[in-house]
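Some notes on the structure that comes next.
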Amino acid sequence: MKKKIAIFKRGNRRVALLAAAVTLIIGLHFSLQAQLFNPHGKRDPFVDLTQALTEDKPIFYSPPPISQRPPGLPGLLVSEVTVTGLAVGETSKIAIFRGVDEFTYLAREGSKLFDGHVSEITRDTVVFIHKVFDPRGEEETERIVKRLYSEEN
């Protein structure tokens, strides 16, 4: 440490200029990082809204084709299942679904689907919590109630 101070005192301008330049660059780097925008879930106020709406980005989320989703019930959308039966006992509740793939699935409360999960099963309805993505890409949830499918209705 004393040797470096001695070098500066001897008048070695190159070392002093290099040290000053490094200090300036490091200080500039940290001051630029402090000025970055961190949205914390809010939209950037400096982005032009008219430009964001006219870009060729998809406004609505479209799920991948069924062939690229996981197999079984976790690969089906809430809109792709029909309630075909319900078994409600004192201790357990089971819903019977028919998917667009023409297979029958059994589900309990908490069973996962591709875009939601089974929230509640009653004697004649199944309540789903459906995940929806708004145009800004933020995830919201909505409650969907499906009634027992019957041939008479």
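The values are calculated or read from the model by the stated rules, or taken from the named source; none is laboratory data. Note that this is a predicted model, so its numbers are computed, not measured. Note that each Cβ is placed from the backbone with ideal geometry, even for glycine, and that neighbours are counted across all protein chains shown.
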Filtered residues of the range 101-121 (kept if more than 24 Å from E140 (Cβ to Cβ) and in a loop (DSSP other than H, G, I, E, B)): D101, E102, F103, R108
Does any residue of the range 80-94 turn out to be assigned to a helix (DSSP H, G or I), under 30 Å from E138 (Cβ atoms) and at pLDDT 85 or above? yes
Being touching a helix residue (DSSP H, G or I) at 6+ places or on another chain (Cβ under 8 Å), aromatic (F, W, Y) and either modelled with pLDDT of 95 or more or surrounded by 11 or more Cβ atoms within 10 Å (Cβ to Cβ) (or both) narrows F114, F103, F133 down to just F114
Note on the range 68-92: residues without any contact (Cβ under 8 Å) to a residue 40 or more places away in the chain, within 14 Å of L106 (Cβ to Cβ) and loosely packed, with under 14 Cβ neighbours inside 10 Å are G72, A87, V88, G89, S92
Quick check on V132: is it over 30 Å from P45 (Cα atoms) and of a type in the set (A, V, I, L, M)? no
